[in-house]
Amino acid sequence: MDQEYKEFVMTQRLSFEERIKRKNEFDASLVYGTKEFNILTQRDRHIEDRQNNDDYWLDSSSGFVREECTIHRKCPLCGSESHELIFVKSGFKHVRCLDCTLVYVPRILNEKEYEKLYEEEDSWGAVLENEHQKKLQSLEGAYSLDVASLYADKAQLNICDIGCGPGRLLHIAKERGNCVLGIEPNKRYNQSLDELGIPHINDFFPLNLNTHQSFDIIFTLNTLEHLPDPKGAIEDIYKILKPEGLVYISVPNIDALVTRVLKYKSGVFGGHSHIQFFNAATLSQLVKECGFEVLEYETIITELGVLWNDLNFQHPYLGDSKDNLGFLTPEMIYRNHLARNVNLVARKVN
Ligand SMILES: [Zn+2]
């Protein structure tokens, strides 16, 4: 590592307190309030959309999803068939693997149904393109870049974001002088990426690998939880990283306090879209088995407003509780890795 750059990095290393301050700046519950943010970003419309459509695949006579729309899979982390049922939502079983503890959906939509789902879905796209959402995502993107850069060995990097959406993170990375590439299957973001001058390709896992491309850092945010084969995705990432390259992953945290309190009521569960749920331990296991060493993990997004609502008998996402239960603080949430998403940085080692 370049000595001067190493010294620069050491002075930039983020303390726990500095991290909380930065994380609070893009935490919607704390910046806007839960109800206000959900209405401002049209999440209320997305929630309604989901309530109308989530039972689309349900066979009401059996209480489970229709067999002809689905396929069965083993544990996507360890391959075991041995699991216990946690709950059923919209006809989709959610189970915990008895061997590796991963929580996952064993009967998932088949390829044809997935294609239909993502072609027709537009209420979430509208959420992501909202100005308030973009503002918070830019702050989160800058934070993620800063954390990943702590482990990089030079200032100018070759950065890829897989599932980049409208490209907030890559826009900041590009402004800072890095070389960037966005990989995104949904063509609705092409215009936004073009406007920001971000080179991009419409692709997704399994990647059409081009051996001429290699990256210093690959980001994949809120993506792995959607994939039938998350291990295959990390193996693809391994192949297009430079030696000792970094992967930065963000996924919903099954250990999050908000998820444990809301359980099946949590918006993170639906069955059709999010099909596995990691925590720091299972996400670490995934990357280690694919040839990475874990450098750090932490959690982000407290969801404190949702917790305050639910614990005061209000609608968790649309309630407006003013009773903030003094013991539930960002410090407590972060100290115990209880926030909504778990973010992990790992280095390619062999
Ligand atoms: Zn397993």
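A count restricted to region 216-232 and to residues that are within 21 Å of residue 140 (Cα to Cα) and of a type outside the set (D, E, K, R) stands at 9.
Counting only residues that are basic (Lys, Arg), within 16 Å of the ligand (Cβ to nearest atom) and crowded, with 16+ Cβ neighbours inside 10 Å, region 55-95 holds 2 of them. For the residues 147, 127, the requirement of being more than 16 Å from the ligand (Cβ to nearest atom), at pLDDT below 90 and either in contact with a helix residue (DSSP H, G or I) (Cβ under 6 Å, 6 or more places away or on another chain) or not hydroxyl-bearing (Ser, Thr, Tyr) (or both) singles out 127. State yes or no: is residue 310 in contact (Cβ under 8 Å) with a residue 24 or more places away in the chain and among the charged types (D, E, K, R)? Yes: the conditions hold for residue 310. For the subset of region 23-54 comprising residues that are part of a loop (DSSP other than H, G, I, E, B) and among the acidic types (Asp, Glu), which member is surrounded by the most Cβ atoms within 10 Å (Cβ to Cβ)? In this case the residue turns out to be 27. Tell me, please, whether a residue that is in contact with a Pro (Cβ under 9 Å, 6 or more places away or on another chain), outside any strand (DSSP E or B), farther than 21 Å from residue 26 by Cβ and of a type in the set (Lys, Arg) can be found in region 146-168. No, that holds for no residue.
For region 269-321, residues that are within 18 Å of the chain's Cα centre (by Cα), over 30 Å from residue 67 (Cβ atoms) and in a loop (DSSP other than H, G, I, E, B) total 4.
Tell me which residues, restricted to region 181-195, are over 21 Å from residue 227 (Cβ atoms) and of a type in the set (D, E, K, R).
194, 195
Is it fair to say residue 52 is more than 16 Å from the ligand (Cβ to nearest atom), modelled with pLDDT under 85 and under 22 Å from residue 303 (Cα atoms)? The answer is no for residue 52.
Test residue 118 against the criterion of being more than 15 Å from the ligand (Cβ to nearest atom), in a helix (DSSP H, G or I), surrounded by 19 or more Cβ atoms within 10 Å (Cβ to Cβ) and in contact (Cβ under 8 Å) with a residue 24 or more places away in the chain, and give yes or no. No: the conditions fail for residue 118.
Please state which one of 102, 98 is touching a Ser or Thr at 6+ places or on another chain (Cβ under 8 Å), free of Cβ contacts under 8 Å to residues at least 24 places away in the same chain and more than 19 Å from residue 205 (Cα to Cα).
Details: 102 fails: free of Cβ contacts under 8 Å to residues at least 24 places away in the same chain.
One residue alone meets the criteria, 98.
If you check residue 257 against the conditions, is it of a type in the set (A, V, I, L, M), under 22 Å from residue 26 (Cβ atoms), surrounded by 18 or more Cβ atoms within 10 Å (Cβ to Cβ) and touching a helix residue (DSSP H, G or I) at 6+ places or on another chain (Cβ under 9 Å)? So residue 257 passes the test.
The values are calculated or read from the model by the stated rules, or taken from the named source; none is laboratory data. Remember, it's a predicted structure, so these values are computed and weren't measured experimentally. Backbone-built Cβ (ideal geometry, glycine too); neighbour counts: all protein chains shown.
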